[in-house]
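The structure appears right after this line, and notes come after that.
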Amino acid sequence: TDQWHLNPNTLRTTSTTKIIPYNKGFLTGSAGYIYYLTALPNGDYDISPWLSDANLGLVKDIMFINGDLWIASVRGVFKVDKNGNEKKVYPAGRTLGCYTLLKGNDGLWVGTNGDGLIKIDDSGKVTRQVHFNDGLAGEYVYSLFQLNNLVIAGTSGGVSIFDQSSGMEPLAIPDLSLSDGSLYQEI
């Protein structure tokens, strides 16, 4: 209808970084919260806390894998199981900003804040790391996308494309002119 309105929220302003479908509504990540949004008859959405934990920090990405909710945040990767139990999975003993998640065949790829691309198993153990010297354009990985066997990473140094079927071998991207900018900017 090309019409919009601000959704009233009695809790406070809800900054949101990721929205995914959930039951008959949506889950959205925010600072220290995962909210559940459900449509109201008048077109507004009811916003209720689904998970509240200040230790999460700012939530950057959320996804369900095998019924568990995985959360990438500025403080690491967290997992909420089917019973609502939450635990920090990665990294153990320190904080690391994690921007994005991508489910792999045998683990979870995590785009990090300065540590490149990390692959972890369900327990949070690192099974693979991809850095600048391995063909990653930048150590800050902001976005991940899978297209068939290709993993496309948007980084602080531009776009990187990897072939998973060859063990995450980087694919060469032809040099573009400086005016294009896609290899010289955060993606």
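Coordinate-derived values only; no laboratory data. Note that the structure is a prediction, hence the values are computed from the model and not measured. FYI the Cβ positions are ideal-geometry reconstructions off the backbone, even for glycines, and counts take in every protein chain you see.
Based on C-alpha coordinates, I'd like the Rg and Dmax of the stretch 16-127, in Å.
Just the Cα atoms of the stretch 16-127 yield Rg and Dmax of 14.1, 49 Å.
Stokes-Einstein D for the chain at 4 °C, 1.567 mPa s, Kirkwood Rh over Cα pairs, in µm²/s?
73
Based on alpha-carbon centroids, what's the gap between the stretch 1-80 and the stretch 83-154 in Å, whole number please?
21
Across 5 Å bins from 0, what is the distribution of all Cα-Cα pair distances for the stretch 48-99, in whole percents?
5, 23, 33, 26, 12, 2, 0
Quote the relative contact order of the stretch 93-139 in percent (integer), defining contacts as alpha-carbon pairs under 8 Å separated by 6+ residues.
25
Treating only the Cβ atoms of Lys and Arg (+1) and Asp and Glu (-1) as charged, compute the dipole magnitude of the chain about its Cα centre; round to the nearest 20 debye.
Approximately 620 debye in magnitude.
Over the chain, what is the relative contact order in whole percent, taking alpha-carbon pairs under 8 Å and six or more residues apart?
10
Using r as the Cβ-Cβ distance of S52 and K125, and R0 as 25 Å, what FRET efficiency do you calculate, to the nearest 0.05?
So, using R0 = 25 Å, E works out to roughly 0.35.
Check G76: other-chain or 5+ apart residues with amide H under 5 Å from its amide H, H built from backbone geometry?
Sorted by chain and number, the residues that satisfy this are L96, C98.
For F26, what is the net charge nearby, where nearby means another residue's Cβ is under 15 Å from its Cβ and Lys, Arg count +1, Asp, Glu -1?
Neighbourhood net charge equals -1.
May I ask for the longest run of the chain untouched by trypsin sites (Lys or Arg not before Pro) that are loop-located per DSSP and have at most 15 neighbouring C-beta atoms (other than their own) within 10 Å?
On the way: sites that count: R12, K24, K82, R94, K125.
That gives 126-187 as the longest site-free run.
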